[in-house]
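Below is one structure, written out as C-alpha cells, with a few remarks after it.
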Amino acid sequence: MLDVRNISFLPLFSNLSFSLAQREILLIHGTNGAGKSTLLRMIAGLIQPPPGTIFWKGKRIQLSTYQQNLLYSGHSLGLHPEALLKDQVNLWHYHYRVEKKAIEEALHIWGVAPLVNQKTQHLSQGQQKRLSLSRLHWLARPLWILDEPHTNLDSEGRKIFEDSLAHHIENEGLILLASHEKRPEIREICL
Amino acid sequence: MISRELYNAYLHKGNLSSTFTFFALALFCASLTLGPNEIFLRQSAPGLIWILAILTIFFSTPLLLKREAQCGLLDEILLHPSLTSTYLLSKVMAEYLFIGLPLAVMSFLLSPLFALSSGETLSLLLTLLIGFPALSALGILGSLLTLNTQGGGLLLSLIILPLTLPLLIFGLSVMEMTQLGLDSFPSFCLLMGSSLFLLILSVTAGSWALPFAAER
C-alpha cells in the first residue's frame with residue numbers, strides 16, 4: 001500500500017526504495033544521525049518529499065488526502081506546554097474531532113488517567129510519552145509512522161505499546177518504525 | 001480549527017498576563033516621564049500607545065509560537081486536512097480576542113493618564129481595534145519566518161516592523177484629525193484598507209512559510 005521509490009536526502013541517504021503492505025511492520029534501523037527521523041518526516045510529508053517518490057495505494061500522493069491516513073509520532077510529543085492533562089484531552093477533541101470518551105478510555109489503558117489535573121510539562125518523560133502514544137488507541141489511521149516510540153517507556157509501557165502494535169497489525173494496519181535498537185522479528189532496512 | 005485555536009490561546013493565559021502587565025506598566029511609566037504638560041501628553045499619547053502595542057504583539061507572539069513548535073504542535077497542524085490559511089486565520093482571530101481586545105481595552109482605561117478627551121479615546125480605541133488583526137497576522141508571519149533562526153528578534157524587527165508603518169501612519173492620522181476637529185473618516189478608510197491588505201498578505205505569506213518553519 002505504501003511505496004517509497006528512489007527517495008533521497010543528501011548526504012543522509014540516496015535512492016532508497018521500499019514498500020510496505022497491510023499487516024506489515026518495517027523497522028528503519030540506523031545509528032544516531034543516520035537520517036531515520038528525516039526519512040520518517042519525509043514519508044509523513046512534514047519535509048516536502050521529492051515529487052514522484054511516495055505512492056499510497058498505487059497512486060502518487062496528494063499530501064492533504066494522504067496525510068489523513070497516517071498517524072505520526074515524532075520526537076516532539078505534540079503536548080501543549082501549558083495544558084493540564086484534561087486540557088490536552090479537550091485540545092485533541094477540538095483538533096481531531098474525536099469523542100472525549102474514546103480519549104479518556106485510552107488514557108486508562110496507558111495508565112495516565114489518574115493524572116488528569118496535572119500539567120503535561122510536570123509529568124515525567126515516560127508519562128508524557130504514554131500520553132502522546134495514547135493516540136494509537138483513539139486515532140484510527142491505517143498507517144502508523146513512529147519515531148523511536150520506545151524512548152522513556154518502562155517495561156509496562158512497552159508491553160502496552162507492543163500490544164497496540166499487534167492489535168493494529170491484526171486490523172490490517174501498516175507500521176513504519178524507526179529505532180536504533182535491533183528487532184530480529186521485524187523486517188528492517190538499514191540507514 | 002477555530003475552536004482549537006481559541007482553546008489553545010486560552011491555555012496560554014499564564015503567559016498573556018505578563019504581556020498585559022508589561023503593556024500597562026510601560027504606559028504608566030511613559031505617562032510619568034512625559035511630565036504634567038497636558039498638551040504634550042495628548043499629542044504624544046497616540047504614537048506612544050501604538051508603538052507599545054506593536055512591540056507587545058511582536059514580543060509575545062514569537063514566544064508563544066516557538067513554544068508550540070518545540071512541542072510538535074506545528075506538526076499536528078500540518079498533518080491536519082484543513083488549509084494552512086484556515087489555521088492562520090483562526091490563530092489571528094484567537095490572538096485578536098485574547099491579546100488585541102484586552103490591549104485595546106487597557107489603552108481605553110489608561111487614556112486618562114494622557115489627558116485624552118472622550119472623543120480622542122474612542123478614536124484611539126477604534127484605530128487599535130481595526131489595526132490589531134493585521135498586527136497579529138504580521139506577528140505570526142514574522143514568528144514563522146524566524147522560528148528556526150538564532151536571534152530571531154532582530155530579524156523580526158528588520159523584516160516585519162517596516163510593514164507596520166501604514167498602520168502607524170493612518171492610525172495616527174485618524175488621531176490627528178480627531179484632535180484638530182476635522183473629518184477623520186478618510187483616514188479611517190485608509191487604516192481599514194491597509195489593515196485588510198496586510199492581513200491578506202501576512203496570511204498568504206504565512207501559508208507558504210508554515211511548512212518550512214516546521215521542517216527541522
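What is the list of residues in the range A:1-25 whose amide nitrogen lies under 17 Å from a point 7 angstrom out from the Cα of residue A:171, following Cα to Cβ?
A:22-25
Would you mind classifying the range A:27-103 by shape? Square roots of the alpha carbon gyration tensor eigenvalues, ordered a ≥ b ≥ c; an a/c under 1.5 is rounded, otherwise it is prolate if a/b is larger than b/c and oblate if not. It would help to have the intermediate numbers written out before the result.
Working: a/c = 2.83, a/b = 1.51, b/c = 1.87.
Since a/c reaches 1.5 but b/c is at least a/b, the shape of the range A:27-103 is classed as oblate.
When Cβ neighbours within 10 Å are restricted to other protein chains, what is their mean count per residue of peptide A:70-78? Don't skip to the end; give the middle numbers.
Working: counts 1, 1, 5, 2, 3, 2, 9, 3, 8.
Mean partner-chain Cβ count within 10 Å for A:70-78: 4.
Relative to the compact-globule scaling 2.2 N^0.38 Å, provide the ratio for the alpha-carbon radius of gyration of the range B:17-60. Before the final figure, lay out the partial values.
On the way: Rg = 11.0 Å, N = 44, 2.2 N^0.38 = 9.3 Å.
Working it through for the range B:17-60, the quotient is 1.19.
Cut-off under 14 Å on the C-alpha distance; same-chain residues fewer than 8 positions from residue A:159 excluded. Which aspartates and glutamates are left, in chain and number order?
none
If I model a spin label as a point 7 Å beyond the Cα along the Cα-Cβ vector, how far apart are those points for residue A:32 and residue A:8 in nm?
2.9
Of A:142, A:49, A:114, which has the largest mean-square fluctuation in a 10 Å C-alpha GNM of chain A?
A:114
Report the FRET efficiency, 1/(1 + (r/R0)^6), for residue B:85 and residue A:140, where r is their Cβ-Cβ distance and R0 is 41 Å, rounded to 0.05. Before the final figure, lay out the partial values.
On the way: r = 27 Å, r/R0 = 0.66.
For residue B:85 and residue A:140, the calculated efficiency is 0.90.
Once you sort the root eigenvalues of the Cα gyration tensor of the range A:2-190 as a ≥ b ≥ c, which label holds: rounded (a/c under 1.5), prolate (a/b larger than b/c) or oblate (the other case)? Mind showing how you got there, number by number?
Working: a/c = 1.78, a/b = 1.60, b/c = 1.11.
Because a/c hits 1.5 or more and a/b exceeds b/c, the range A:2-190 counts as prolate.
Semi-axes, largest first, in whole Å: what does sqrt of 5 times each Cα gyration tensor eigenvalue give for the protein assembly as shown?
Working: eigenvalues 469, 101, 56 Å².
Here the semi-axes work out to 48, 22, 17 Å.
Would you mind calculating the relative contact order of the range A:2-190 from Cα pairs under 8 angstrom and at least 6 residues apart, reporting the percent as a whole number?
32
Straight-line reach only, C-alpha to C-alpha below 16 angstrom: list the aspartates and glutamates that residue A:86 could link to, leaving out same-chain residues fewer than 8 apart.
A:99, A:104, A:105
Please arrange B:86, B:127 by counting, for each residue, the other beta carbons lying within 10 Å of its beta carbon, fewest first.
Ranked by crowding around the Cβ, least crowded first: B:86, B:127.
Using alpha-carbon positions, what is the distance between the centroids of the range A:1-63 and the range B:141-207, in Å?
Between the Cα centre of the range A:1-63 and that of the range B:141-207, the gap is 42 Å.
Please sort through the DSSP H helices of chain B and keep those with an alpha-carbon extent of at least 20 Å along the long axis and a Kyte-Doolittle average not below -1.0. Walk me through the numbers before you get to the answer.
On the way: long enough: B:13-33 (30 Å, 1.05); B:38-70 (48 Å, 0.86); B:118-146 (40 Å, 1.56); B:165-180 (22 Å, 1.49); B:185-214 (42 Å, 1.62).
Once both thresholds are applied, what remains is B:13-33, B:38-70, B:118-146, B:165-180, B:185-214.
Taking the Cα centre as origin and putting +1 on Lys and Arg beta-carbons and -1 on Asp and Glu beta-carbons, what dipole magnitude results for the protein assembly as shown, to the nearest 20 debye?
On the way: 28 positive and 28 negative charges, 118 e Å.
In total the dipole reaches around 560 debye.
Return the average number of partner chain Cβ atoms within 10 angstrom of each residue Cβ along peptide B:67-79. Intermediate values should be presented prior to the final figure.
Numbers: counts 4, 4, 1, 2, 10, 10, 8, 3, 8, 7, 1, 7, 14.
Mean partner-chain Cβ count within 10 Å for B:67-79: 6.
When Cβ neighbours within 10 Å are restricted to other protein chains, what is their mean count per residue of peptide A:92-100? Walk me through the intermediate numbers first.
Details: counts 2, 3, 8, 12, 3, 1, 0, 0, 0.
Partner Cβ neighbours, averaged per residue: 3.
Rule-based calculations on the coordinates, nothing more; no lab input. Note that this is a predicted model, so its numbers are computed, not measured. Ideal geometry is used to build each Cβ from the backbone, glycine not excepted, and the neighbour counts take in all protein chains shown.
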